[in-house]
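Structure first, then comments.
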DNA sequence: CTCATTCTTGATTGCTCATTCTAGAATGTA
DNA sequence: TACATTCTAGAATGAGCAATCAAGAATGAG
């Protein structure tokens, strides 16, 4: 019947996501999105409706292909506290010179002033907080968690700490100091041997 | 010789700061700044050179009139850990419905992608981290700090936690849970009685 | 009181933006 | 091959933006 869509959707979303992480929603011009994705504006509007539609698809892609993938890779259920630590440390490793931070964190801050936050933001926060709490409870059951740690409160604290690290990374704060801080943080969560 | 400037600079900067906190640098239009400050665009350009000049003045004002004032009020040197706790809790109390967050945090995230961060950002981070470390050392000398706490690492952790709380507040995360988390955090820093 | 100086005002300028639209190219089916 | 359909291309549109400018109002030193 008709001509088939030519572009690779994953590659397009990955490229768009990159631009939105770097420049923010407002700062990302459709021309920059064209250049990054290889699509012409006509195709972008044809495929995603408008710039917001492309952003929605990109932040959804971020949740699945970056955030969830990072969790699965570094912090699967059996990896315990070391897995959580690896998850935190992984956000310190961005490609050279890049300070993209996290699309969710950046979006929370950029669009937090007036309107309600983008739905992906509380969703991602809940995903992380639930993950932290579940892993902490699991460790507690196995006697690997320091006695004074209460999983629900510690999960909220880890969520805030995670967002804070992403702010500091975005502003080029010294990553070595952040890495040492995280090492200590997770040592303190562990039950003494 | 000549006519004197008529407007109250503090009031102008306070109003401009409010707009920049709410809408970000890009999101704040000169028209919105006119409406908030009561100045006409000609006066803004005459007084501050350009929008960036007004922003520079506003973030400087923020550092002195909001951040430093908040520190002096809640966490003077003799106030110890309870002072630091009060400082953290104070960022949870914004006027009704407002989710302005912190101009420094918001700026760090908004302008962190490509160019170097605004000079006020690392300056404010250093101010806070130094403050935290100094207060922790002071408490340690008085035997009021839990034994396992290392002031330099804990100061970095508190800086990240502070930024993270400001991200979560900006995205309307539940403030009660954040308050409980902070209570516990500072309890854990205290030496057991 | 005078007038040089500086401030205020608001229309204007030129630019960039998101979005639309038209024309044409590519595709798969029949 | 011919056609119906969908994609691509890029010029065009209109709105909103930061910044400029010219004209007039206010000021205070002399």
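The values are calculated or read from the model by the stated rules, or taken from the named source; none is laboratory data. Because the structure is predicted, anything quoted here is derived from the model rather than measured. Cβ sites come from the backbone with ideal geometry, for glycine too, and all protein chains shown count toward neighbours.
Just need a number here: residues in segment B:24-47 that are surrounded by 20 or more Cβ atoms within 10 Å (Cβ to Cβ) and either more than 9 Å from DNA strand D (Cβ to nearest atom) or in the same structural domain as residue B:124 (by TED's automatic domain parsing) (or both). Here the count works out to 3.
Given the residues B:50, B:56, B:82, B:72, which is the only one that is more than 14 Å from every other protein chain (Cβ to nearest Cβ), within 16 Å of DNA strand D (Cβ to nearest atom) and modelled with pLDDT of 95 or more? Walk me through it before giving the result.
Working: B:50 fails: modelled with pLDDT of 95 or more; B:82 fails: within 16 Å of DNA strand D (Cβ to nearest atom); B:72 fails: within 16 Å of DNA strand D (Cβ to nearest atom).
Exactly one of B:50, B:56, B:82, B:72 is more than 14 Å from every other protein chain (Cβ to nearest Cβ), within 16 Å of DNA strand D (Cβ to nearest atom) and modelled with pLDDT of 95 or more, namely B:56.
Among the residues of segment B:82-94, those that are surrounded by 15 or more Cβ atoms within 10 Å (Cβ to Cβ) and in a helix (DSSP H, G or I) comprise B:83, B:84, B:85, B:86, B:87, B:88, B:89. Checked against (1) more than 11 Å from chain A (Cβ to nearest Cβ); (2) under 26 Å from residue A:18 (Cα atoms), residue B:136 passes all but condition (2). Criterion first (outside the structural domain of residue B:68 (by TED's automatic domain parsing), at pLDDT 95 or above and within 22 Å of residue A:181 (Cβ to Cβ)) does residue B:123 satisfy it? It is true that residue B:123 is outside the structural domain of residue B:68 (by TED's automatic domain parsing), at pLDDT 95 or above and within 22 Å of residue A:181 (Cβ to Cβ).
If only one of A:95, A:64 is assigned by TED's automatic domain parsing to the domain that holds residue A:170 and either at pLDDT below 95 or touching a strand residue (DSSP E or B) at 6+ places or on another chain (Cβ under 7 Å) (or both), which one is it?
Within the list A:95, A:64, the selection yields A:95.
Among the residues of this structure, residue B:111 counts as one that is in contact (Cβ under 8 Å) with a residue 40 or more places away in the chain, within 16 Å of DNA strand C (Cβ to nearest atom), within 25 Å of residue A:24 (Cβ to Cβ) and within 14 Å of chain A (Cβ to nearest Cβ). Segment A:1-81 holds helices (runs of 4 or more DSSP H) entirely within its bounds, and those carrying 3 or more residues that are touching a residue at least 40 places away in the same chain (Cβ under 8 Å) map to A:9-27, A:51-61. Please tell me if residue B:11 is surrounded by fewer than 13 Cβ atoms within 10 Å (Cβ to Cβ), at pLDDT 95 or above, more than 12 Å from DNA strand D (Cβ to nearest atom) and outside the structural domain of residue B:176 (by TED's automatic domain parsing). No: the conditions fail for residue B:11. For segment A:163-177, filtering for residues that are within 20 Å of the chain's Cα centre (by Cα) and within 7 Å of another protein chain (Cβ to nearest Cβ) leaves 9. Within segment A:11-28, the set of residues being within 13 Å of another protein chain (Cβ to nearest Cβ) and more than 11 Å from DNA strand C (Cβ to nearest atom) comprises A:17, A:18, A:21, A:22.
Looking for whichever is more than 7 Å from chain B (Cβ to nearest Cβ) and part of a helix (DSSP H, G or I) here; the options are A:124, A:160. Which one fits? When all the criteria are applied, what remains is A:124. Here residue B:63 clears all of (1) within 16 Å of DNA strand D (Cβ to nearest atom); (2) within 13 Å of the chain's Cα centre (by Cα) except the condition numbered (1).
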